[in-house]
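Input: a single structure, listed below in structure tokens.
What follows is calculated from the coordinates using simple rules that are stated; it is not laboratory data. These figures come from a predicted structure and were not determined experimentally. With ideal geometry, Cβ positions are generated from the backbone for all residues, glycine too; neighbour counts draw on all protein chains shown.
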Amino acid sequence: MTLNIDALNGSPRLLIEARLKPVQGSRFQPTGFPEIGAAEYEGPDGEKMLLVESAQSMANRLEVVCWDGVRNDWQSPLAGLPFVRVLDEAGAALTNSVLEAHRINSPYILEGKDKTVFDLLKSELADMNEGAVDLKKLAKTLLKLDINALLHGIFLAKKDLAGGRLRLPRALSAFIEAEEVKVAASGGVKNDSVNPSGDTARGFGNVPFSRDEYVSPKITAYFNLDLAQLRGYGFSPSINGLLIAISLYKIRRFLETGLRLRTACDLDVETLSTTRPENFVLPSIADLEKALPDLIKSAREESAFAEPPVTEVTYRK
């Protein structure tokens, strides 16, 4: 199936907004940060705002919805995309570049005794030890090994790899924020029916606690795909179309399957709109699932991916 994305030609960004609401009731629990808790702040007009989900967390969530945890592989429409799989010494799957915190820069990929990926990167990017980094060449190498890195962004912080200067900014970013928020304060108690006055430091006794949730008349998920950045890599139209299709698939699948952010933060989509360019109609998840296999096949026919597309390394300390 051919995916029509002609309306994106010439546009520097694709901006998408999804209005969200709690699946049940009106309360929700935002993300929390060490030492500061929930991220409350004043909006430009003085309204009380709340960061429900951060950009870094959303990047991870957009990857998780692409992965089939039962089969430990891509979701079926993404089958054939390149990534790096890490095996333990017994040959069992340990982790991979799609889910690792630092993606292909994971210590399980680059710091073990198996130097397969490290040596490949060093060989292909050796001429960047001095002078400006060739971002097109870096992007081509990442496309071969781990296509997801081109959307998630990458920082290869290794001195032996161009002096630690190999990095690409995130092309697909997202966050969720709420407006005009109010605190819904509540609490509870951990009961110990055997010894209510026991040593709480050791886990005994009754322990009362407070709990803050929030309510808001407007919760919005924002998505930003940097089309100009993707075009700057100089890929063929079919490869560029594949990167856009993967991005749209991530967004669509997250909104359909990934909105249970926490136990007390289960959201649903009220409305979905494209704000830039306004004339772009967001493809359905069904259309994306039909189009992706052909786009992946075309990319493999261009020899854009490693062969086989899954590069395996064995992690040995």
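Can you give me the pair-distance distribution of the range 1-152, C-alpha pairs, 10 Å bins, whole percents?
Each 10 Å bin holds this share of Cα pairs: 8, 25, 30, 24, 12, 1.
For the range 214-317, what are Rg and Dmax over the alpha carbons, in angstrom?
Rg then Dmax for the range 214-317, in Å: 17.6, 53.
Could you tell me what % of all Cα pairs in the range 198-244 have separations over 18 Å?
Details: 710 of 1081 pairs.
Result for the distance tail: 66 percent.
With the chain treated as a Gaussian network of Cα nodes joined by springs under 10 Å, which of PRO12, PRO22, PRO196 yields the largest mean-square fluctuation?
In this elastic network of the chain, the residue with the biggest mean-square fluctuation among PRO12, PRO22, PRO196 is PRO196.
Please give, to one decimal in nm, the separation of the simple spin-label points placed at SER273 and ALA93, each 7 Å out from Cα toward the Cβ.
In this crude spin-label approximation the distance works out to 4.0 nm.
From the phi of every residue in the range 133-145, what ³J(HN,Hα) in whole Hz does the Karplus formula 6.51 cos²θ - 1.76 cosθ + 1.60 yield, where θ is phi - 60° and glycine or proline is x?
6, 7, 5, 5, 5, 4, 5, 5, 5, 5, 4, 5, 8
Quick one: compute the contact order of the range 118-250, relative version, from alpha carbon pairs under 8 angstrom and 6+ residues apart, as a percent. Let's see the in-between values first.
Numbers: 175 pairs, mean separation 29.4, N = 133.
In percent, rounded to a whole number, it is 22.
From the cross-link list LYS144/LYS218; LYS21/LYS140; LYS158/LYS250; LYS115/LYS290; LYS137/LYS250, which pairs have alpha carbons spaced over 32 Å apart?
Values: LYS144/LYS218 41 Å; LYS21/LYS140 40 Å; LYS158/LYS250 29 Å; LYS115/LYS290 37 Å; LYS137/LYS250 25 Å.
Check vs 32 Å cut-off fails for LYS144/LYS218; LYS21/LYS140; LYS115/LYS290.
Rounded to two decimal places and with Rh computed the Kirkwood way over Cα pairs, what is Rg over Rh for the chain? Walk me through the intermediate numbers first.
Numbers: Rg = 22.4 Å, Rh = 21.8 Å.
Value, to two decimals: 1.03.
Over what distance in Å are the Cα centres of the range 240-298 and the range 175-214 separated?
Centre-to-centre distance over Cα atoms comes out at 36 Å.
Between the helical axis of 55-64 and the dominant principal axis of the chain, each derived from Cα atoms, what acute angle in degrees is found, rounded to the nearest 10?
Compared with the principal axis, the helix lies near 70 degrees.
Based on Cβ point charges of +1 for Lys and Arg and -1 for Asp and Glu, what charge dipole magnitude is obtained for the chain about its Cα centre, in debye rounded to the nearest 20? Write out the running numbers ahead of the final one.
Working: 38 positive and 43 negative charges, 84 e Å.
It comes to approximately 400 debye.
What list do you get for VAL23, VAL133 if you sort them by fewest beta carbons within 10 Å?
On the way: VAL23 12, VAL133 15.
Going from sparsest to densest Cβ surroundings: VAL23, VAL133.
Against the longest alpha carbon principal axis of the chain, how many degrees, from 0 to 90 and to the nearest 10, is the axis of helix 285-301 turned?
Approximately 30 degrees, to the nearest 10.
Where the centre of each part is set by its Cα atoms, how far does the range 43-107 sit from the range 2-35, in angstrom?
17
Could you tell me the convex hull volume per residue, in Å³, taken over the Cα atoms of the range 71-131? Don't skip to the answer; put the middle values down first.
Details: hull volume 7.0 nm³, N = 61.
Per residue, the Cα convex hull of the range 71-131 comes to 116 Å³.
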